[in-house]
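Report on the following structure.
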Ligand SMILES: NC(=O)c1ccc[n+]([C@@H]2O[C@H](COP(=O)([O-])OP(=O)(O)OC[C@H]3O[C@@H](n4cnc5c(N)ncnc54)[C@H](O)[C@@H]3O)[C@@H](O)[C@H]2O)c1
């Protein structure tokens, strides 16, 4: 394995490789001189080589696959270059900063046949797997509306000392709360709904906390308001194929503790996701409410390790991408539409290349 981007999250990946017998990290690249070598030294990976240019890592012949851990704006170029060299890619979330990039990444994967998988460890959580099964088995009937999202009262990832700031600068992040944590909510919604085609979106964003320098109680460091270039809040209504609607809300900071539950409304049942999946139905003439006893995860279960291990095994066995870029392309289209709609102040239509819509593994888990 080659790791591209030797920052914070690469450390979390590195810890997992220690437990994955099928893979060893043989090369690390980071554009900041010395950072890749320092990372290798910290991990004790004697023999691994350091690079400052991902293209040299790809050409070194040292790797069978790469794990891209760069900041958001650094995902696209290394991914396309790797895929064009027929090297499979695991890329951290979000897939990309906009739809154009996502399409290029997916096309590069399709052309070369090398897999592109996206690092949403949340998909492996037993609670989400159970909820997905209930929806896929038709327990909810026709799902016509869902609400997803999440909010931190104060949780702006300021990353003091990092240059450019990983999450709050346009240069590194491209977008704020919507790309950073909103992508999980959109992935959850689309995963449960079976990746319907998104049609249009009406959205707004705000940056009152970030731009206002409201650092009170922020658990993730302080920032210079002048350097805050992204949104700290976003809300959107997404129209999906088949007449369904998706409401999305996300906040890095707000004057509230929660933005409400994640739920799905179907013709036969409603499903509330937290704290345990709960089904709301009419049964035997009564309105019932059933908590789903999700089997506890096995001891030592680690969703984060699972996402890396399932990618490694797919590479070894020539299997499909565990979380295919093609699926996440639809999610990226929504995120892209949110920013376009918010900037324009009106509903934005979502255009997707028709040739990339077929053959979606819509029920893949
Ligand atoms: N799955 C998760 O739970 C999770 C958690 C945190 C972060 N992330 C994701 O991981 C990514 C990185 O976050 P982070 O906190 O580690 O950021 P970071 O700023 O700590 O690290 C990013 C590193 O990438 C390097 N880099 C940027 N462009 C590069 C390029 N073209 N080639 C080589 N190196 C390059 C930077 O120099 C930096 O060292 C983000 O996209 C973030 O969304 C995922």
Please rank 263, 311, fewest neighbouring Cβ atoms within 10 Å first, as an exposure proxy. 263, 311
Most to least packed among 115-123, 294-302 [average Cβ atoms within 10 Å]: 115-123, 294-302
Reported to two decimal places, what Rg/Rh ratio describes the range 206-341 when computed on Cα atoms with Rh from the Kirkwood expression? 1.04
Express the C-alpha Rg of the range 133-191 as a ratio against the empirical globular expectation 2.2 N^0.38 Å, rounded to two decimals. 1.58
Compute the Kirkwood hydrodynamic radius of the chain, taking the inverse of the mean of 1/r over all pairs of distinct Cα atoms, and give it in Å to one decimal. 21.2 Å
Distribution of pairwise C-alpha distances over the range 155-241, 5 Å bins, in %: 3, 14, 22, 22, 14, 11, 9, 5, 1
Enter the angle in degrees (range 0 to 90, nearest 10) between the Cα long axis of helix 183-193 and the first principal axis of the Cα atoms of the chain, meaning the one along which they spread out most. 50 degrees
Share (percent) of C-alpha pair distances in the range 261-333 greater than 22 Å works out to 54 percent
Once the mean of 1/r over all distinct C-alpha pairs in the range 91-216 is inverted, the Kirkwood radius in Å reads 17.1 Å
Quick note on 326, 133, ordering by fewest other C-beta atoms within 10 Å, gives 133, 326
Over the range 65-113, the quotient of the Cα radius of gyration and 2.2 N^0.38 Å is 0.98
For the range 108-166, take every pair of Cα atoms, bin their distances at 10 Å starting from 0, and report each bin as a whole percent. 14, 23, 29, 27, 6, 0
In degrees, nearest 10, the alpha-carbon axis of helix 126-136 is tilted away from the dominant principal axis of the alpha carbons of the chain by 50 degrees
Two-site FRET efficiency, residue 163 against residue 278, from Cβ-Cβ distance with R₀ of 45 Å, rounded to 0.05: 0.50
Taking Cα atoms only, helix 303-317 is inclined relative to the longest principal axis of the chain by an angle, in degrees rounded to 10, of 70 degrees
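Whole number please: convex hull volume per residue of the Cα set in the range 1-88, in Å³?
With only Cα atoms used, the range 1-88 gives 83 Å³ per residue.
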Diffusion coefficient in µm²/s returned for the range 23-172 by Stokes-Einstein, Kirkwood Rh over C-alpha pairs, 10 °C and 1.306 mPa s, is 89 µm²/s
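Values quoted throughout were computed directly from the atomic coordinates according to the rules given, and no laboratory measurement underlies them. No experiment lies behind these values; they were computed from the predicted model shown. So basically every Cβ, Gly included, is an ideal-geometry build from the backbone, and we count neighbours across all protein chains shown.
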